[in-house]
Ligand SMILES: N[C@@H](CCC(=O)N[C@@H](CS)C(=O)NCC(=O)O)C(=O)O
Ligand SMILES: *[C@@H]1O[C@H](CO)[C@@H](O)[C@H](O)[C@H]1NC(C)=O
């Protein structure tokens, strides 16, 4: 597939839903094609997809310009894209080891802290029809602790590292902007974090990536509680069936 000369000359990715790679691809100006994977139809467990991501989750990419090389895990995808297609070091410094390490530190903080904590919280706050206060509060408190770390680190700064937008910001932004979905209704107590979100909201490339391959739902949910309720109900049915509860 996609072996034509024209396409091979260009860098050409195949990318399966999940907004983080979309943001990186757009910010770096890499041409790509997307394929939407319908999680509710369990397309992530189809054998062809498991060959790309043995973990059966989105996102994943296939690099058609490198013999259809597959990459899974959003952080690995982000680093792969930068190492191969960011010669100007827009998002990931190459030659300054300290600066590079600082970016990687925040990228890992997202991968092991923000992402999993908000991910779990989404289950307890949204997808579990029985609301369990202990679980909800435990998650919300940990999210707020993490936001406190970001808020402090952004004091007097526009971005997390080197006073420019890097992978550190690109990776944390999608989750943090969805704080209300994860059970943290307001982030007014974190003014630096709030200003940072607004700053990234104004980046056209990031916004474009956020809407790939389907229009972003977070804003709609935040402005429209009925839409969120509708979505929650669908997810309750889906997860009850999936977990056989
Ligand atoms: N650590 C993974 C997390 C990926 C992940 O959890 N993806 C979810 C959607 S956000 C998924 O594909 N879930 C489908 C399933 O588990 O069946 C990454 O960063 O790529
Ligand atoms: C966030 O940082 C600002 C100052 O930079 C501070 O006033 C505020 O209290 C911080 N928020 C929290 C919750 O620590």
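Each row is one residue, and each column tells you yes or no for (1) within 16 Å of ligand 2 (Cβ to nearest atom); (2) surrounded by 16 or more Cβ atoms within 10 Å (Cβ to Cβ); (3) part of a helix (DSSP H, G or I).
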site	(1), (2), (3)
124	no, yes, yes
137	no, no, yes
140	yes, yes, yes
144	yes, yes, yes
151	yes, yes, yes
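Here are the criteria: (1) crowded, with 16+ Cβ neighbours inside 10 Å; (2) more than 14 Å from the chain's Cα centre (by Cα). Tell me which single one residue 68 does not satisfy.
Failing condition for residue 68: (1).
Which residues, counting only those in the stretch 77-101, are in a helix (DSSP H, G or I) and within 20 Å of residue 23 (Cα to Cα)? Spell out the reasoning first.
Keep residues of the stretch 77-101 that are in a helix (DSSP H, G or I), which gives 77-85, 97-101.
Matches in the stretch 77-101: 77, 78, 79, 80, 81, 82, 83, 84, 85, 100.
Here are some conditions: (1) within 16 Å of ligand 1 (Cβ to nearest atom); (2) more than 30 Å from residue 144 (Cβ to Cβ); (3) not in a helix (DSSP H, G or I). Residue 49 meets all but one. Which one does it not meet?
(3)
Among the numbered criteria (1) surrounded by fewer than 17 Cβ atoms within 10 Å (Cβ to Cβ); (2) part of a helix (DSSP H, G or I); (3) out of contact with any helix residue (DSSP H, G or I) (no Cβ under 6 Å at 6 or more places or on another chain), which single criterion is violated by residue 157?
Unmet condition: (2).
Of the residues in the stretch 29-82, how many are over 19 Å from residue 115 (Cβ atoms), in contact with a helix residue (DSSP H, G or I) (Cβ under 7 Å, 6 or more places away or on another chain) and in contact (Cβ under 8 Å) with a residue 12 or more places away in the chain?
Within the stretch 29-82, residues that are over 19 Å from residue 115 (Cβ atoms), in contact with a helix residue (DSSP H, G or I) (Cβ under 7 Å, 6 or more places away or on another chain) and in contact (Cβ under 8 Å) with a residue 12 or more places away in the chain number 6.
Please go through the stretch 194-218 and give me each residue that is over 12 Å from residue 174 (Cβ atoms) and either in contact with a strand residue (DSSP E or B) (Cβ under 7 Å, 6 or more places away or on another chain) or not in a loop (DSSP other than H, G, I, E, B) (or both), ordered by number.
The answer is 194, 195, 196, 198, 199, 204, 205, 208, 213.
So, in the stretch 160-174, how many residues would count as being in contact (Cβ under 8 Å) with a residue 12 or more places away in the chain and either surrounded by fewer than 23 Cβ atoms within 10 Å (Cβ to Cβ) or more than 16 Å from ligand 1 (Cβ to nearest atom) (or both)?
Summing the residues that are in contact (Cβ under 8 Å) with a residue 12 or more places away in the chain and either surrounded by fewer than 23 Cβ atoms within 10 Å (Cβ to Cβ) or more than 16 Å from ligand 1 (Cβ to nearest atom) (or both) in the stretch 160-174 gives 6.
Residue 78: within 28 Å of residue 235 (Cβ to Cβ) and assigned by TED's automatic domain parsing to the domain that holds residue 180, yes or no? Quick ask: steps written out before the conclusion?
Working: within 28 Å of residue 235 (Cβ to Cβ): yes; assigned by TED's automatic domain parsing to the domain that holds residue 180: no.
Spelling it out, it is not the case that residue 78 is within 28 Å of residue 235 (Cβ to Cβ) and assigned by TED's automatic domain parsing to the domain that holds residue 180.
Quick one: residue 121 ticks every box in (1) under 26 Å from residue 202 (Cβ atoms); (2) in contact with a helix residue (DSSP H, G or I) (Cβ under 6 Å, 6 or more places away or on another chain) bar one, so which box is it?
Every condition holds for residue 121 apart from (1).
Just to be sure before I move on: is residue 131 outside any helix (DSSP H, G or I) and in the same structural domain as residue 193 (by TED's automatic domain parsing) in the structure I sent?
On the way: outside any helix (DSSP H, G or I): yes; in the same structural domain as residue 193 (by TED's automatic domain parsing): yes.
Yes; evaluated as a whole, the condition is true for this residue.
The values are calculated or read from the model by the stated rules, or taken from the named source; none is laboratory data. This structure is a prediction, so every number in the text was calculated from the model and none was measured. Cβ: placed from backbone, ideal geometry, glycine included. Neighbour counts: every protein chain shown.
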